[in-house]
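Below you'll find the structure, written out as structure tokens, and then a few comments.
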Amino acid sequence: MKIAFVSSEVFPYAKTGGLADVAGTLPKELSKLGDEVIVFMPKYNTFGEAEYGLHYSWDIGEIPIRLAGEIRSVHVHTAILPDSNVKIFFIDCPYYYHRFRIYTNDHDEDERFLLFSKGVIEVMQKIGFAPDIIHCNDWQTGVLPLLLRDNYGWDKMFDKTATVFTIHNIGYQGRFTKASFSKAEIKDEYYLHGGLGEYEGGINFLKTALLTSDIINTVSNTYAQELMTNEYGHGMESIIQKRKNDLWGILNGIDYNQWNPETDKFIPHHFSINDLSGKLENKKFLLKKSYISFDEKKPLIGIVSRLVAQKGFDLIKSVLYDLVALDAQWVILGSGEPEYEKMFYDLSHYFPNKVWSYIGFNNELSHLIEAASDIFLMPSKYEPCGLNQIYSLKYGTVPVVRKTGGLADTVLDWNEYLAQDMEIGTGYSFHDYTPAALLNSVKRAVGDFQNKGVWKKIQHNGMEKDYSWEKSAMLYQQMYKQAITNRGQSNWNRET
Ligand code: ADP
Ligand code: GLC
């Protein structure tokens with residue numbers, strides 16, 4: 001199958017969260033399974049060309065693209081995704097992508113990603129790549145399926161191309177004014193009088209994708225079910241319910257070449273399920289760097305996260321002092337909402353011998369925290385998949401999570417399954433989104449940490465799990481086939 005995979009972030013070039021990890025790995029797995037895959041992302045100025053081996057494509061040259069009444073000059077650079085033969089195309093337009101960060105609140109944020117979508121289509125035209133599948137991810141690529149069928153509908157090369165849209169996070173929808181669609185020269189009928197892109201008086205890129213892609217999926221089974229409810233659907237639940245026959249839930253995999261305690265290049269001491277001594281050395285190393293004294297009786301609790309409401313920081317805030325009062329130590333890595341950045345920054349200053357925080361983005365440190373911590377805390381309000389709890393399982397770091405989305409699908413509560421079978425529990429989870437439920441789960445974990453036998457069992461149960469990409473990539477292949485069938489019976493111009 002010929003697949004074009006389109007994402008606004010791809011690891012290692014640009015990353016704000018798990019989407020980059022998925023976009024940097026799934027295409028490689030599909031290629032290993034025999035598919036012909038190419039990847040697209042914008043060429044931001046936040047990463048170096050030389051460092052990642054980018055080359056300017058003289059073959060493609062300049063592509064003039066009209067957007068918002070202006071002709072923008074688009075160029076293309078290419079590279080090969082590390083450890084693969086998958087080619088990645090970077091859509092280069094300094095006017096839009098040379099900004100302070102990869103996502104902005106600038107007035108033309110819609111234009112930045114409309115240009116990206118048009119650029120992707122026009123590059124495929126220029127190189128003659130007629131894909132069976134265009135796989136779009138999150139709102140930034142949400143209008144691409146509509147552009148393909150409408151603005152570029154004249155091009156017979158795409159007659160058989162099916163579109164797939166993956167929801168990595170329904171909380172981010174790309175909402176703009178109606179001017180957005182006219183800037184892209186999309187016909188009035190798609191946004192006036194309740195047209196398919198219209199939502200609450202403006203344009204919604206994600207809604208557009210939900211109604212125009214041949215298949216939609218999300219990144220865990222539980223989240224796929226949750227998306228159809230008022231509690232989790234963020235206003236999209238009724239649309240998703242209508243498309244439930246075209247909705248798949250496929251759990252993300254993990255790139256064990258990057259996230260493996262036996263080989264991880266970012267940690268000073270390697271370890272494995274058979275010998276966890278290196279884990280303890282990593283803990284001592286990190287505590288020393290954090291000016292916290294090592295005490296073998298105190299578990300180290302780690303957090304690595306975008307500091308946003310989705311991740312349950314309001315719960316943590318409500319019981320902050322109860323949590324810190326526990327006989328445990330804390331390392332926190334994250335950046336995001338100022339309220340939570342300040343909360344952790346202040347906490348580490350009030351309790352320097354108990355809490356250490358690093359406010360910022362640091363890939364190397366994220367690996368060290370996974371390796372060094374005893375417990376990993378992830379009490380998300382909602383979590384489409386979540387990758388850190390899966391990394392934690394591999395690193396013998398026992399996750400404490402809220403039972404939602406991908407967290408529910410990957411972490412099995414120790415106490416819940418204890419009577420049934422000691423082989424089952426891999427962590428601690430709680431259902432109700434309340435500070436008391438969170439505190440109770442953390443207390444259970446901190447308590448069990450004192451029982452070395454129990455703790456080792458939980459660690460082993462988690463470390464034995466295999467979340468490699470291959471199985472999920474095969475499910476993507478099946479889903480692509482259904483997308484092609486749907487495209488054949490095309491009723492893409494769906495009712496809103
Ligand atoms: P989300 O995509 O919602 O942020 P995921 O758990 O799927 O959540 O993925 C988050 C990814 O981003 C993980 O690879 C995690 O290690 C990484 N990450 C999050 N915050 C930071 C940070 N401050 N520094 C380094 N890596 C981070
Ligand atoms: C999103 C979700 C996260 C998921 C990631 C990759 O950012 O918040 O749960 O793991 O995308 O699919």
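Numbers for the structure displayed
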| item | result |
| --- | --- |
| In sequence order, calculated HN-Hα J values of the range 241-249 (Karplus, 6.51, -1.76, 1.60; Hz; x Gly/Pro) | 4, 4, 9, 5, 6, 9, 9, 10, x |
| Cα centroid separation, the range 118-137 to the range 246-287 (Å) | 36 |
| Value of relative contact order over the chain, rounded to a whole percent, pairs C-alpha under 8 Å and six or more apart | 13 |
| Loop sites in the range 93-153: trypsin sites (Lys or Arg not before Pro), DSSP, at most 13 other Cβ within 10 Å | R101 |
| Degrees separating the helix 18-32 axis from the principal Cα axis of the chain, which is the longest one | 70 |
| Backbone N under 20 Å from the S182 label point (7 Å along Cα→Cβ), restricted to the range 98-121 | 107-115 |
| Length gained when the stretch N362-Y417 is fully extended (0.36 nm per residue, less Cα-Cα span) | 16.2 nm |
| Y291-N221 FRET efficiency (beta carbon distance; Förster radius 35 Å; 0.05 resolution) | 0.25 |
| Mean projected area in nm² (Cα convex hull; one quarter of hull surface) for the range 203-260 | 5.2 |
| Computed label-point distance, nm, for sites L320 and Q450 using a 7 Å Cα→Cβ extension | 2.8 |
| Relative packing of 342-348, 60-66, 390-396, which averages over residues the other C-beta atoms within 10 Å, highest first | 390-396, 342-348, 60-66 |
| The range 277-467 - accessible surface per residue (Å², probe 1.4 Å) | 39 |
| Cleavage-rule hits (GluC sites (Glu not before Pro)) in the range 1-61: DSSP loop, at most 12 neighbouring Cβ within 10 angstrom | E51 |
| Antiparallel DSSP beta bridges within the chain, as percent of all bridges there, nearest 5 | 25 |
| Per-pair calculated FRET efficiency, R0 = 25 Å: L475 and T229 via Cβ, rounded to 0.05 | 0.60 |
| Separation between Cα centres of the range 347-379 and the range 192-235, rounded to whole Å | 35 |
| Area of E337 that stays accessible when all protein chains are in place (1.4 Å probe, Å², to 10) | 70 |
| D432 paired with S272, simple spin-label distance in nm, labels 7 Å along Cα-to-beta-carbon | 4.5 |
| Residue pairs, from the table K87/K471; K283/K471; K87/K403, whose Cα atoms sit over 27 Å apart | K283/K471; K87/K403 |
| Peptide ranges 363-372, 245-254 listed from the most packed, as the mean C-beta count within 10 angstrom indicates | 363-372, 245-254 |
| Cβ crowding within 10 Å averaged over residues, with 71-79, 406-414 ranked highest first | 406-414, 71-79 |
| Square roots of five times the Cα gyration tensor eigenvalues for the range 42-158, Å | 21, 19, 14 |
| Per-selection Rg to Rh, the chain - Cα, Kirkwood hydrodynamic radius | 0.98 |
| DSSP bridge orientation in the range 264-342 - percent antiparallel, rounded to nearest 5 | 10 |
| Filtered chymotrypsin sites (Phe, Trp or Tyr not before Pro), the range 76-178: DSSP coil and at most 13 other beta carbons within 10 Å | F100, W154 |
| Chain lengthening between K443 and N257 when straightened (0.36 nm per residue, less Cα-Cα) | 63.6 nm |
| With Cα atoms, 0 to 90° folded angle of helix 277-289 axis to the chain main axis | 80 |
| Largest-first ellipsoid semi-axes for the range 277-467, taking √(5λ) over the Cα gyration tensor eigenvalues, angstrom | 23, 19, 16 |
| Count, lysine Cα pairs under 24 Å in the range 156-219, 8 or more residues apart or across chains | 7 |
| Bridge type composition, the range 137-229 - antiparallel percent by DSSP, nearest 5 | 45 |
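The values are calculated or read from the model by the stated rules, or taken from the named source; none is laboratory data. Model, not experiment: these values are computed from the prediction. So basically every Cβ, Gly included, is an ideal-geometry build from the backbone, and we count neighbours across all protein chains shown. Keep in mind that these areas ignore ligands, DNA and RNA; they rest on the heavy atoms of the full protein, side chains included. Shrake-Rupley method; radii C 1.70, N 1.55, O 1.52, S 1.80 Å.
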